[in-house]
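Below: one structure, written as structure tokens.
Every read-out reported here was derived from the displayed coordinates using simple, explicitly stated rules and does not represent laboratory data. None of the values given here were measured: they were computed from a predicted structure. Positions of Cβ are backbone-derived with ideal geometry, glycine not excepted, and every protein chain shown enters the neighbour counts.
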Amino acid sequence: MYLFRLAVASLANRRFTAFLTAFAIALSVCLLLAVERVRTEARNSFASTISGTDLIVGARSGSVNLLLYSVFRIGNATNNIRWDSFQHYAHDPRVKWAIPMSLGDSHRGYRVLGTDQSYFEHYQYGRHQNLAMAAGRFFATDPFEVVLGAEVADALHYKLGDTLVLAHGTAAISLVKHDDKPFTVVGILKRTGTPVDRTLHISLGGMEAIHIDWHNGVPARGAGRISADQARNMDLTPSAITAMMLGLNNKISTFSLQREINDFVGEPLLAILPGVALQELWSLMGTAEKALFVVSLFVVLTGLIGMLTAILTSLNERRREMAILRSVGARPWHIASLLVLEAFALALCGIGAGLALLYAGIAGAQGYVQANYGLYLPLSAPTAYEWSLLGIILGAALVMGAVPAWRAYRQSLADGLSIHL
């Protein structure tokens, strides 16, 4: 214990250098744990984007592509699927519920999803959480009503009763807009931390209405235009949709129905299991995830090397101090232990300060990160894996502290007491 007190007193005598060394370790520890927290929570958030859905069905392409445009609103479908194909499987006795999805339009860079009431009733995220309203209601019989995701409402400053115009296509800037058929905001969803927050939701009838006077991808002109009031009185049943989500009565029938859909003779379809596709997509990003973790490890290593450099630099200045300790009875292993304990104390202070910085950062940025990136960072105690990382850092500090300790151990009493000019 007296050696530890002596080590602390020695560091206090060199407080400025010790502070900078511990601070460098603290920053590296904070970065490492922050990267690990973000990595873990990003994976959890990614996996909880959709839950409770047994199959996602779209035009035949790739499973990742289907998942990206149907769940994450990224990319575009290679083709649509016919409405009668949706009806065929929606009324299958094995299917408990079916959600139609129609994509292809946008508003100021945010995707528009055409769907029906079943979306709000059955779509789930996280741990089987249903969508809920923060204000207003779901769209009803009027085809020109829109329900906004939380991020859309916040970023574009929309409130209930506002009107907006949708644009054709998914580009951030579109030259073709459906300005003759504006939509009214009737509801704003609670924040979910998923792509739902970045989506505008309209009815299938609304999606059909804004394209009812379009021919071959071009809007009609002059007398061929159909007004919003005229569209309200027309049959707005879609002829095709982009994708559908299915929930089954019995999970056992999932694979048999998937094979049946993939072999459907009516048109080429692809059915995927969301969980499997999510794992496949995450594996594609695994390299970047590991690279980020490795970079943070090198930052920690840099901090520890800085500690080693500081102790080695001070060692030459402390040769007389070591010799005096030897002259009053300290044995060589006492001197070596003193330097190891100094390295241990620096690393321990750095780890403690790093944890304090981490929690202060999470407390300060938690709301902002969740609001802007949909990522929830909990103020929870370090996990067993994080404790193991901290233990490894502490062990590495002890190993590095052994280098100057060995040098001090080998220095002789005469070497320290003699004056070198």
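How much length would be gained if the chain were fully extended between Ser51 and Lys190, taking 0.36 nm per residue of separation minus their Cα-Cα distance, in nm to one decimal?
On the way: separation 139, 0.36 × 139 = 50.04 nm, distance 1.71 nm.
Working it through step by step, the gained length comes to 48.3 nm.
So how much slack lies between His91 and His157, counting 0.36 nm per residue of separation and subtracting their Cα-Cα distance, in nm?
Numbers: separation 66, 0.36 × 66 = 23.76 nm, distance 4.02 nm.
Length gained between His91 and His157: 19.7 nm.
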Volume per residue that the Cα convex hull of the range 97-142 spans, once the total is divided by residue count, Å³: 121 Å³
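With a Förster radius of 51 Å, plug the Cβ-Cβ distance of Arg259 and Ala135 into 1/(1 + (r/R0)^6) and report the FRET value to the nearest 0.05. Could the numbers behind the result be given before it?
Values: r = 44 Å, r/R0 = 0.85.
So the FRET efficiency works out to roughly 0.70.
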Burial ranking of peptide ranges 295-304, 113-122 (average Cβ count within 10 Å, highest at the top): 113-122, 295-304
Radius of gyration, Dmax [the range 1-133; alpha carbons; angstrom]: 26.5, 84
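Restricting to the range 70-184, what percent of DSSP beta bridges are antiparallel, rounded to 5?
Working: 11 of 12 bridges.
Of the beta bridges lying entirely in the range 70-184, close to 90 percent run antiparallel.
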Reach of Lys181 by Cα under 18 Å, taken over aspartates and glutamates that are not fewer than 8 positions away in the same chain: Asp105, Asp142, Glu145, Asp162, Glu208, Asp213, Asp229, Asp235
Extension reserve of the Phe19-Ala384 stretch, reckoned as 0.36 nm per residue once the Cα distance is removed: 128.6 nm
Segments 62-69, 33-40, 198-205 sorted - mean Cβ within 10 Å per residue, highest first: 198-205, 62-69, 33-40
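Would you please give the FRET efficiency between Thr40 and Gln230, computed as 1/(1 + (r/R0)^6) with r the Cβ-Cβ distance and R0 = 51 Å, to the nearest 0.05? Mind dumping the intermediate values first?
Numbers: r = 54 Å, r/R0 = 1.05.
Computed FRET efficiency for Thr40 and Gln230: 0.45.
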Unit Cα scatterers, Debye sum, the range 55-272: log10 I(q)/I(0) for q = 0.11, 0.17 Å⁻¹: -0.53, -1.26
Eligible lysines near Lys96 by straight Cα distance, threshold 16 Å, same-chain separation 8 or greater: Lys251
Leu113 long-range amide H proximity, modeled H, under 5 Å: Leu200, His201, Ile202
